[in-house]
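Contents: one structure, followed by commentary.
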Amino acid sequence: MIEFTLNGTPVHAADDPVMPLLWWLREVAALTGTKFGCGVAQCGACTVHLDGRPVRACVTPLSAAAGTNVTTIEGLASPAGKAVRNAWAELDVVQCGYCQSGQIMSAAALLAAKPEPADADIDEAMHGNLCRCATYQRIRAAIHAAAARLAGTAA
Ligand code: FES
Ligand code: FES
């Protein structure tokens, strides 16, 4: 039995411990906001948080969730998470949308760790999240807007 907290709710999973967390989230927990892209930790579409740390769920075994707080896009309700989601909507970041839950999860983790990131910090935190629609400029702008909102300096 693997026990952890999923989006604030205690979970007891009696599933294969080597199952990728991404599979478990989508197929068992029916949380389909987290996407399958590459399956080999190269695109970031599957990014979720384990204790606030961004991880690639496609290469994270279910067993790694034991004892942690797992957060998916459906449960992202932290101040940084809310600021990012609001900034994404205000700046109309999304194009096709497929990569965007992963982008938001990485951005929220960045702002939780570094509330006023420089462009270099954003590049470092986000370089593993690919976007086929090339929304990178809007993502950067939205992260700065979310940081300003968190700092209370937004216009
Ligand atoms: S699906 Fe996990 S990084 Fe691409
Ligand atoms: S918005 Fe289409 S892949 Fe990023």
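Structure notes:
- Residue in the range 45-59 that is over 14 Å from the mean Cα position of the chain (by Cα) and farther than 19 Å from Asp15 by Cβ present: no
- For beta carbons closer than 6 Å, sequence separation of 6+ or different chains, a first residue in the range 23-52 that is at positive phi and among the charged types (D, E, K, R) and a second that is modelled with pLDDT of 95 or more and surrounded by 15 or more Cβ atoms within 10 Å (Cβ to Cβ), the qualifying pairs are Asp51/Thr68; Asp51/Asn69.
- Candidate set: the range 120-153, residues that are modelled with pLDDT of 95 or more and among the polar types (S, T, N, Q); chosen: the one farthest from the chain's Cα centre (by Cα): Gln137
- For beta carbons closer than 7 Å, sequence separation of 6+ or different chains, a first residue in the range 120-131 that is within 16 Å of ligand 2 (Cβ to nearest atom) and a second that is assigned to a loop (DSSP other than H, G, I, E, B), the qualifying pairs are Gly128/Gly44; Asn129/Gly44; Asn129/Cys99; Leu130/Cys43; Leu130/Gly44; Leu130/Cys99; Cys131/Cys99.
- Among the residues of the range 113-155, those identified as farther than 15 Å from Ile73 by Cβ and either in contact with a Ser or Thr (Cβ under 8 Å, 6 or more places away or on another chain) or among the aromatic types (Phe, Trp, Tyr) (or both) are Ala125, Met126, Gly128, Tyr136.
- If you go through the range 120-130 and keep only what is surrounded by 21 or more Cβ atoms within 10 Å (Cβ to Cβ), in a loop (DSSP other than H, G, I, E, B) and away from ligand 1 (no atom under 12 Å from the Cβ), you end up with nothing.
- Residue among Ser63, Ser78 that is surrounded by fewer than 22 Cβ atoms within 10 Å (Cβ to Cβ), farther than 18 Å from Ala148 by Cα and hydroxyl-bearing (Ser, Thr, Tyr): Ser63
The values are calculated or read from the model by the stated rules, or taken from the named source; none is laboratory data. Just so you know, these numbers come straight off a predicted model, no measurement behind them. Using ideal geometry, Cβ is built from the backbone for each residue, glycine included, and neighbour counts are taken over all protein chains shown.
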